[in-house]
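To start, the structure itself, in structure tokens.
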Amino acid sequence: MKKPLIAVAAAALLAMSSLAATAAETTMRITLQLPMKSHLGQNLLLFKNEVEKNSGGAIKVEIYDSAQLYKDKEVPQAVGSGAIEAGVASLTRYVGDIPAVDIFYQPFLFDSEAKVREAVAPGSAVRGPIDEAIKKTGSTVLWWQAYGGAIMLSKDGPIKTPADMKGKKVRVFSKTLGDFVEAAGGSPTIISGSEQYLAYQRGTVDIGMTGVSGVKSRKLWEVMNTITETNNADIEFVVVANNTWWNSLSDGDRAIITAAAVKAETSVRDAVSSIEADAYAAAKEHGMKVYKPTPDEIAQWKAVSKPVYGTFLKRTGEMGKKMLEAARSY
């Protein structure tokens, strides 16, 4: 009887080893620059729960928030090289390889939720080319995460018109937003999202540009006291997976992850308006003043920012031209 038992034990050990190997192959680490309590962090948690539930625990999702592993600007290279399976990056972090991603930062182009939804729909004339281009960097787009409209932060009153920005140092998170600031007479400095709190605290910049949900998740009311609700750009993040890792998964595993990604994308897109409303309310509760520019003031911003479109077209060529034409048709 000993030999059969030994054989069974050996077979069991082999099976356990095989399962362990499988588990290791289906561990999905995701890097995130924002805190877990942010709406992007909570969106990743929804995804994690869906994947682990529907895979029966065969796919394990590990989330590393608050830039524990990589800063926002490092995510495209980290994921594309396979240093980590997946990550969340601000879309503009791909601008070096794909200049046209900054279509979303063309001043006041996407000035309604309806226009944003048209542009970010999978396979649209705006999103489709971007997703395909990101594949060439070594990553596959799993889903887009809505972050909301861009706002301005300040300490000495609202930034009502370009005159209020003239000669000021401004935190931006893309080259195109920098062009917008320069057109208005300011001096832009690109600063990672995870580093902006210190930049405001130390006075590295006078004005900040971000999304209002970031004011809440990063407690920026501790270092700035005024929000100007310009909504001059649409901020999008993408969740990407390394191509080699993604293609190594079974069809079943990819189907589970894809279904969870669709659910996560729909959830965050549908909730972004209420998320922004909650963030504005929280900012006011913590003493921040919120200023909404008048139509005349917005017209002044639009007037000075016209050259930004020309610069975008020079950088992006035919791809940018087609995307801009599509965006203007929405």
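The values are calculated or read from the model by the stated rules, or taken from the named source; none is laboratory data. These numbers were taken from a predicted model, which means no experiment stands behind them. Every residue, glycine as well, gets a Cβ built from its backbone with ideal geometry; the counts of neighbours run over all protein chains shown. Please note that ligands, DNA and RNA were not included when accessible areas were found on the heavy atoms of the full protein model with its side chains. Shrake-Rupley method; radii C 1.70, N 1.55, O 1.52, S 1.80 Å.
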Worksheet item: Which percent, to the nearest 5, of DSSP beta bridges fully inside the chain are antiparallel?
Response: 55
Worksheet item: Taking the chain on its own, what percent of its Cα-Cα pair distances exceed 28 Å?
Response: 43
Worksheet item: Taking springs between alpha-carbon atoms closer than 10 angstrom, which of A277, A89, A199 fluctuates most in the Gaussian network model of the chain?
Response: A277
Item to complete: Obtain the radius of gyration and the Kirkwood radius of the range 95-163 from its C-alpha atoms and give Rg over Rh.
Response: 1.06
Worksheet item: At what distance in nm do the modelled label points of D296 and R117 sit from each other, each positioned 7 Å from its Cα along Cα→Cβ?
Response: 3.4
Practice prompt. Express the accessible area of the range 261-330 per residue in Å², computed with a 1.4 Å probe while the remaining protein chains stay in the model.
Written response: 57
Practice prompt. Over the residues of the range 200-299, compute the C-alpha Rg and express it relative to 2.2 N^0.38 Å.
Written response: 1.47
Item to complete: Compute from the Cα atoms of the range 54-179 the Rg and the Dmax, the latter being the longest Cα-Cα distance, and quote both in angstrom.
Response: 17.3, 58
Worksheet item: When all C-alpha to C-alpha distances in the range 114-247 are sorted into bins of 5 Å, what percent of pairs does each bin hold, rounded to whole numbers?
Response: 2, 10, 18, 19, 16, 13, 11, 8, 3, 1, 0
Worksheet item: Which far-off residues, 5 or more places away or on another chain, put their amide H under 5 Å from the one on M28, with H placed in the peptide plane?
Response: K60, V61, E62
Item to complete: Keeping the other protein chains in place, figure out the carbon and sulfur percent of the accessible area of the chain, with a 1.4 Å probe.
Response: 55
Worksheet entry | Computed lengthening from K136 to H286, 0.36 nm per intervening residue step minus Cα-Cα distance | 49.6 nm
Worksheet item: Taking θ as phi - 60°, what are the ³J(HN,Hα) couplings along the range 176-186 by the Karplus curve (6.51, -1.76, 1.60), each to the nearest whole Hz, with x for Gly and Pro?
Response: 5, 5, x, 4, 4, 5, 5, 4, 8, x, x
Item to complete: Starting with the highest mean, order 227-239, 176-188 by the number of other Cβ atoms within 10 Å, averaged over the residues of each peptide.
Response: 227-239, 176-188
